[in-house]
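Presented below is the structure to which this report refers.
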Amino acid sequence: MTNYHYIPMNPRSLSLFLFAAGALLALTGCSTFESRSKQKAAAFAALDPASQARLKAGDIRIGDRPDEVYIALGYPDEKRDVITAKNKTLVWIYNRYWQEYQDNPFVAQRPIYVTNPATKTVSVYYEPVRQPAYANRKEERMRVTFEDDRASVIEKTK
């Protein structure tokens with residue numbers, strides 16, 4: 001049996017902890033179109049309104065620069081340099097992540113104690129304990145290849 005101990009926090013320590021947690025959350029932030037377009041404001045402002053609307057919709061095209069792809073899709077999950085005899089290309093890979101249910105396997109037994117009031121005897125029964133099991137899955141959803149600082153190939157999975 002595991003013993004857990006409660007450690008009380010005084011109000012000042014709790015306030016400091018909450019402030020630090022909030023500051024950390026604010027610094028990590030979410031990668032949204034708005035935050036990415038502000039981060040790359042000069043590149044975004046140089047685009048015509050139709051291109052800005054296209055990037056806001058997450059639509060990238062052949063010829064887009066890395067900053068434009070970043071504004072539309074965010075940072076890639078993987079970056080690869082591909083070097084061939086003819087040229088060097090940069091590949092950005094975007095993945096999709098999810099958890100897949102596997103099973104509900106038996107993991108342990110939990111004792112149940114039952115006292116008979118008439119005989120004052122205790123019987124022990126064991127109940128199975130099951131815990132859902134999930135597997136982490138990853139699937140490539142898009143690959144963008146850049147040549148000469150422009151998107152030259154866009155591969156999407158269906």
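No lab work stands behind these numbers, since they all come straight from the coordinates. Bear in mind the structure is a predicted one, so any value in this text is a computation, not a measurement. When we count neighbours, we look across all protein chains shown, and the Cβ atoms used for this are built from the backbone with ideal geometry, even at glycine.
Annotations for the structure displayed:
- Of all residue pairs spaced 6 or more apart or on separate chains, none has beta-carbon atoms under 6 Å together with a first member in the range 101-123 that is in contact (Cβ under 8 Å) with a residue 40 or more places away in the chain and a second member that is part of a strand (DSSP E or B) and hydrophobic (A, V, I, L, M, F, W, C).
- Residues of the range 102-148 that are in contact with a Pro (Cβ under 7 Å, 6 or more places away or on another chain) and loosely packed, with under 10 Cβ neighbours inside 10 Å: V124 alone.
- Long-range neighbours under 9 Å by Cβ, at least six apart or interchain, first residue touching a residue at least 60 places away in the same chain (Cβ under 8 Å) within the range 36-63, second part of a helix (DSSP H, G or I) and of a type in the set (V, I, T): I60/V69
- Cβ-Cβ under 7 Å pairs, at least 6 apart or on other chains, the range 126-155 side closer than 15 Å to V69 by Cα, far side of a type in the set (A, V, I, L, M, F, W, C) and not in a strand (DSSP E or B): V144/I60; V144/V69; A151/I60; A151/I62; A151/V69; S152/I62; I154/I60; I154/I62
- Just one of the numbered conditions (1) under 27 Å from G63 (Cβ atoms); (2) under 19 Å from the mean Cα position of the chain (by Cα) is not true of K88: (2).
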